[in-house]
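First comes the structure, then the notes that go with it.
What follows is calculated from the coordinates using simple rules that are stated; it is not laboratory data. Computed from a predicted structure; not experimentally measured. For neighbour counting, all protein chains shown are included, and Cβ atoms are generated from backbone atoms with ideal geometry for every residue, glycine included.
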Amino acid sequence: MIIEEKITRPYSFPMTKFISRQKFEKVKEFSKNIQTPFLLVDLNVIKKNYINLQKHMPMASIYYAVKSNPMEEVILLLKEMGSNFDVATVYELDQVLRLGITPDRISFGNTIKKSKDISYFYLKGVRLFATDSEEDVRKIAENAPGSKVFFRILTEGTGADWPLSRKFGAHPDAILSLISLAKELELEPYGLSFHVGSQQRDIGEWDGAISTCTYIFQSAMEMGIKLKMINLGGGFPAKYLHPTPKLETYAREITRFLTEDFGDDIPEIIIEPGRSLAADAGIIITEVISTSYKSKYAPNKWVYIDIGMFGGLIETMGESIKFPIYSEKEGEAVDVILAGPTCDSMDILYEDFKYKLPDSINEGDKLYFFTTGAYTQSYSSVGFNGFPPLKVYIFK
Ligand SMILES: *Cc1c(COP(=O)(O)O)cnc(C)c1O
């Protein structure tokens, strides 16, 4: 494969940046007798990422964003590690409660919620809620009286490979009114949150968001309300094709932004990592179904593989997330267009961005998609074109 290599042969691209040779051999061995496509998740990687995050951001409480990889094994592991959980729906809530996580370790981080769902969370003992609108504050006050609420600030998502902008959050002036309303309705205005966009490659985005928090903390203080917490959201990096700084650089810079703004009086800090914990732990193994050139002199070869957008790779939408893709085949590398197996013409993974694969690639050859442990399996469709949801196995 790939990454500016003219000739591809086994291990010719820096595959070892993503996986050790020894582990790759094991993955290959495991893959021999299993029908593709499937996802292989290595819990040890998640464990390592969690420890690394804790080490570099010791002041932060970790609330794992369950949606990024809701596998039971993952949740149980993080439970053991002492993580808290950010859940977004009653279904995720039921799952984490069933797995023995106590409600004091759970936040309801979705700003879009039905009254009856708020009431259900409250009934189950959850007392920490995100909000960003007047209607939602009123619904929380009525259905979860006295709870702690944190207010989500609107961010732009600039610099993120998977932006989460526009839909969530409100502008600072609106947030200030919500804080005052929450107090009036006898909720506890507890803190602020934001999400700078997932796979945020520009650390500076936290700087702006933290400054906005500082301003709101001060303005709230002038209204006689002392906020206590900042939730820095997700956005921390996983290893895709495009490089990012190391996690420790993120941690160091973010700590510096907090210190510059708050001095010795840094509030309680929460983070909600999803991708940065789970993504590196996954490898999707897929097989080439067929290849074609659309005309005699067509510049690009189409490579159709047995997983596509509907099989779990929806983050290729807009070619946003660029997974490291590896082939063991040798031979001259050509630009390819990679497409999935379904009868929907939007099921093209990469067309503008040209991956390189050996021209000799053909039916039955395996491709390995690294960094696929987050936002893949849970995104896969239930039966589009009859394809079953993505199978997943634990790497041992
Ligand atoms: C999805 C989500 C996260 C996780 O973001 P990552 O970039 O995957 O770490 C965190 N917080 C909220 C509110 C989310 O919706």
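Summary of values
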| read-out | value |
| --- | --- |
| Spacing of the two label points (7 Å from each Cα toward its C-beta) at Ser119 and Arg138, in nm | 1.7 |
| Partners for Lys391 among aspartates and glutamates (Cα-Cα distance below 16 Å; same-chain residues under 8 apart left out) | Asp42, Glu72, Glu73, Glu287, Asp306 |
| Gaussian network model of the chain, springs between alpha carbon atoms under 10 Å - residue of Tyr91, Tyr50, Tyr240 with greatest fluctuation | Tyr91 |
| Residue of Ser133, Ser292, Ser83 that the Gaussian network model of the chain assigns the largest fluctuation, springs spanning Cα pairs under 10 Å | Ser292 |
| Pairs of lysines in segment 77-152 (C-alpha under 17 Å apart; 8 or more residues apart or interchain) | 10 |
| Relative contact order %, the chain, counting alpha carbon pairs below 8 Å whose residues are six or more apart | 21 |
| Peptide ranges 268-281, 358-371 listed from the most packed, as the mean C-beta count within 10 angstrom indicates | 268-281, 358-371 |
| Under the Karplus curve 6.51 cos²θ - 1.76 cosθ + 1.60, θ = phi - 60°, whole-Hz ³J(HN,Hα) for segment 67-76, x wherever Gly or Pro sits | 4, 5, 7, x, 4, 4, 4, 5, 5, 5 |
| Degrees separating the helix 134-143 axis from the principal Cα axis of the chain, which is the longest one | 70 |
| Cα gyration tensor shape of segment 44-275, rounded if a/c is under 1.5, else prolate or oblate by comparing a/b with b/c | oblate |
| Cα long-axis angle, helix 21-31 against the chain (0 to 90 degrees, to the nearest 10) | 80 |
| Calculated FRET value between Tyr293 and Lys28, using beta carbons and R₀ = 22 Å, to 0.05 | 0.15 |
| Under Karplus coefficients 6.51, -1.76 and 1.60, residue-wise ³J(HN,Hα) of segment 230-241 in Hz, glycine/proline x | 10, 9, 7, x, x, x, 5, x, 10, 8, 9, 4 |
| Calculated FRET efficiency for the pair Tyr393/Glu268, C-beta based, R₀ 56 Å, to 0.05 | 0.90 |
| Label-point gap, in nm, between Ser177 and Asp104 - each point 7 angstrom along Cα→Cβ | 3.7 |
| Antiparallel bridges, percent of DSSP beta bridges restricted to the chain (to nearest 5) | 45 |
| Highest-fluctuation residue, Ser20, Ser180, Ser290 considered, GNM on the chain with Cα pairs under 10 Å | Ser20 |
| Amide proton proximity set for Ser198, modelled H, under 5 Å, gap of 5+ | Trp162, Leu164 |
| Rounded to whole Hz, the Karplus (6.51, -1.76, 1.60) HN-Hα couplings of segment 146-153, x for glycine and proline | x, 5, 7, 10, 10, 9, 8, 8 |
| Residues Phe262, Phe150, sorted so that the one with the fewest Cβ neighbours within 10 Å comes first | Phe262, Phe150 |
| Helix-only [θ]222 nm of the chain, DSSP H runs n ≥ 4, -39500 (n - 2.57) each, per residue, nearest 500 | -9000 deg cm²/dmol |
| Cα centre as origin, Lys/Arg/Asp/Glu Cβ charges: segment 44-275 dipole, Debye | 740 |
| Cα long-axis angle, helix 172-184 against the chain (0 to 90 degrees, to the nearest 10) | 50 |
| Viscosity 0.692 mPa s, temperature 37 °C, Stokes-Einstein D of the chain from Kirkwood C-alpha radius, µm²/s | 147 |
| Distance between segment 220-298 and segment 12-81 - C-alpha centres, whole angstrom | 16 |
| Whole-Å distance, taken between Cα centres, linking segment 82-150 and segment 178-202 | 14 |
